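K.L.:
So that we are looking at the same thing, I have put the structure below in structure tokens.
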Amino acid sequence: MTRNMGMVDRALRAVVGVALVALAATGTIGAWGWIGVVPLATAAIGWCPAYAPFGISTCPSRA
């Protein structure tokens with residue numbers, strides 16, 4: 001798997017993922033908040049499976 005996520009994209013996903021998981025863990029939102037694990041995982045590996053079929057990449061080009 002080639003990375004297709006840049007640092008800003010990864011950071012935003014990590015923040016959203018942590019927020020969702022924290023809200024779910026404290027009972028502020030329902031169990032659906034555990035879906036925050038998905039953006040956390042994609043941020044950790046730097047590859048988004050939804051980007052792949054469309055050829056999207058937020059990584060800076062290497063010249």
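The values are calculated or read from the model by the stated rules, or taken from the named source; none is laboratory data. Here the structure is a predicted model, which is why all the values come from computation and not from measurement. Virtual Cβ from ideal backbone geometry, glycine too; neighbours counted across all protein chains shown.
K.L.:
Could you check segment 19-63 and list, in sequence order, the residues that are among the aromatic types (F, W, Y) and more than 13 Å from D9 (Cβ to Cβ)?
P.N.:
Result: W32, W34, F54.
K.L.:
From the list I35, I56, which one is in a loop (DSSP other than H, G, I, E, B) and under 16 Å from the mean Cα position of the chain (by Cα)?
P.N.:
Matching residue, one of I35, I56: I56.
K.L.:
Condition first: touching a helix residue (DSSP H, G or I) at 6+ places or on another chain (Cβ under 7 Å) and either of a type outside the set (G, A, S) or in a helix (DSSP H, G or I) (or both). Now tell me which residues in segment 39-53 satisfy that. I'd like the intermediate steps shown before the answer.
P.N.:
Pass one, segment 39-53, residues touching a helix residue (DSSP H, G or I) at 6+ places or on another chain (Cβ under 7 Å): 39-40, 42-43, 46, 48.
Selection gives P39, L40, T42, A43, C48.
K.L.:
Give me the residue from segment 42-63 that is among the small types (G, A, S) and exposed (fewer than 13 other Cβ atoms within 10 Å of the Cβ) and, out of that set, farthest from R3 (Cα to Cα).
P.N.:
Going residue by residue through segment 42-63, those that are among the small types (G, A, S) are 43-44, 46, 50, 52, 55, 57, 61, 63.
Pick out the ones that are also exposed (fewer than 13 other Cβ atoms within 10 Å of the Cβ) and you get 44, 50, 55, 61, 63.
On the way: A44: 11, A50: 12, G55: 12, S61: 12, A63: 16 Å.
Out of the qualifying residues, it is A63.
K.L.:
Do we find a residue being surrounded by 12 or more Cβ atoms within 10 Å (Cβ to Cβ), at negative phi and charged (D, E, K, R) anywhere in segment 13-34?
P.N.:
Yes, there is a match, as at least one residue in segment 13-34 is surrounded by 12 or more Cβ atoms within 10 Å (Cβ to Cβ), at negative phi and charged (D, E, K, R).
K.L.:
Using the structure shown, decide if V16 is touching a Pro at 6+ places or on another chain (Cβ under 7 Å) and of a type in the set (A, V, I, L, M).
P.N.:
yes
K.L.:
Let me ask something else. Name every residue in segment 6-26 that is in a loop (DSSP other than H, G, I, E, B) and modelled with pLDDT of 95 or more, in order of residue number.
P.N.:
The answer is T26, and nothing else.
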